[in-house]
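S.K.: Take this structure, written in structure tokens, and hold onto it; I'll ask about it next.
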Amino acid sequence: MKTTIFNTPILSTIYHHLAKFIMRLVGWRVEGKLPDLPKFVLIGAPHTSNWDFLLFLGVIFTLRANVRFMGKAEIFRSPLGRFFYYCGGVPVDRKKSTGLVEQMVDACKKSDTFILTIAPEGTRHHVQEWKHGFYHIAKSAGIPIVMAVVDGKHKTVRIGQVFYPTENMEADMKTIKGVFEGVVGINPRRKYITLETWHLNFAQNK
């Protein structure tokens, strides 16, 4: 199993207890737990603030999850390349003939365990619709999608709902989005789109 910052002996235990302490200190809590599955795509939303990254680390260390993230191939060839690998990074080379989805599916199949974290909005700014990469990765790799709902109003991250993609992408996306409907993130001024708005945009862009 690949050694990362999330599963390094002793160090990961220290980070786990430190994360739980800091989360309590700032008033945030984690509800639920990750499923006992070797591979899945973990999506977190709504993404409304730069603080989301620190909250993400707090949640991941609290749950003691060994997660992965996608990064441009260039950063893994820089002097800090080893560090990004150690943080769970998986390089994506946009110059390759195979696309992002295919590269992630290949990485998934080569690993015994693979928890890929993705913010489906792709940005902390207001968006009309989500990017669908996370869905295509899960569908192509034959693995489920697990939801992490960032509820800024109640300072809670709810985790654990598992969804297996079907052959109906539109219905699947509507179901997944429904889990997040009406929730605001850390920054409530960035209004979160409603399920109805997303469904209309999805239909218009088909």
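The values are calculated or read from the model by the stated rules, or taken from the named source; none is laboratory data. On a predicted model such as this, the values are computed, not experimentally measured, just so you know. Note: ideal-geometry Cβ built from the backbone for every residue, glycine included; neighbour counts use all protein chains shown.
Okay, residues lined up against (1) in a loop (DSSP other than H, G, I, E, B); (2) crowded, with 18+ Cβ neighbours inside 10 Å:
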| site | (1), (2) |
| --- | --- |
| Gln103 | no, yes |
| Asp112 | yes, no |
| Pro120 | yes, yes |
| Trp130 | yes, yes |
| Ser140 | no, no |
| Ala148 | no, yes |
| Lys153 | yes, no |
| Gln161 | no, no |
| Ala171 | no, no |
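S.K.: A further question follows. Between residues in the range 129-146 that are under 14 Å from Glu167 (Cα atoms) and in contact (Cβ under 8 Å) with a residue 40 or more places away in the chain and residues that are assigned to a loop (DSSP other than H, G, I, E, B) and of a type in the set (Phe, Trp, Tyr), which pairs lie under 8 Å by C-beta distance while being six or more apart or on different chains?
M.R.: Close Cβ pairs satisfying both conditions: Pro144/Tyr164.
S.K.: Turning to a different aspect of this structure: Quick check: is even one residue across the range 176-190 out of contact with any Ser or Thr (no Cβ under 6 Å at 6 or more places or on another chain), of a type in the set (Phe, Trp, Tyr), closer than 23 Å to Val30 by Cβ and at pLDDT 90 or above?
M.R.: yes
Rundown of residues vs (1) under 18 Å from Arg158 (Cβ atoms); (2) touching a residue at least 24 places away in the same chain (Cβ under 8 Å); (3) in contact with a Gly (Cβ under 7 Å, 6 or more places away or on another chain); (4) surrounded by fewer than 20 Cβ atoms within 10 Å (Cβ to Cβ), yes/no style:
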site	(1), (2), (3), (4)
Leu42	yes, yes, no, no
Ala45	yes, yes, no, no
Ser49	yes, yes, yes, yes
Gly58	yes, yes, no, no
Gly71	no, no, yes, yes
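S.K.: Being more than 29 Å from Lys33 (Cα to Cα) and either at pLDDT 95 or above or among the acidic types (Asp, Glu) (or both) is the filter here; which residues of the range 52-104 pass it?
M.R.: Glu74, Asp93
S.K.: Could you please find all residues in the range 4-31 being farther than 15 Å from His154 by Cα, touching a Gly at 6+ places or on another chain (Cβ under 8 Å) and either among the hydroxyl-bearing types (Ser, Thr, Tyr) or surrounded by 16 or more Cβ atoms within 10 Å (Cβ to Cβ) (or both)?
M.R.: Thr4, Ile5, Phe6, Ala19
S.K.: Tell me, please, whether a residue that is under 19 Å from Thr3 (Cα atoms), surrounded by 15 or more Cβ atoms within 10 Å (Cβ to Cβ) and either free of Cβ contacts under 8 Å to residues at least 40 places away in the same chain or in contact with a Cys (Cβ under 7 Å, 6 or more places away or on another chain) (or both) can be found in the range 33-40.
M.R.: Yes, that holds for at least one residue.
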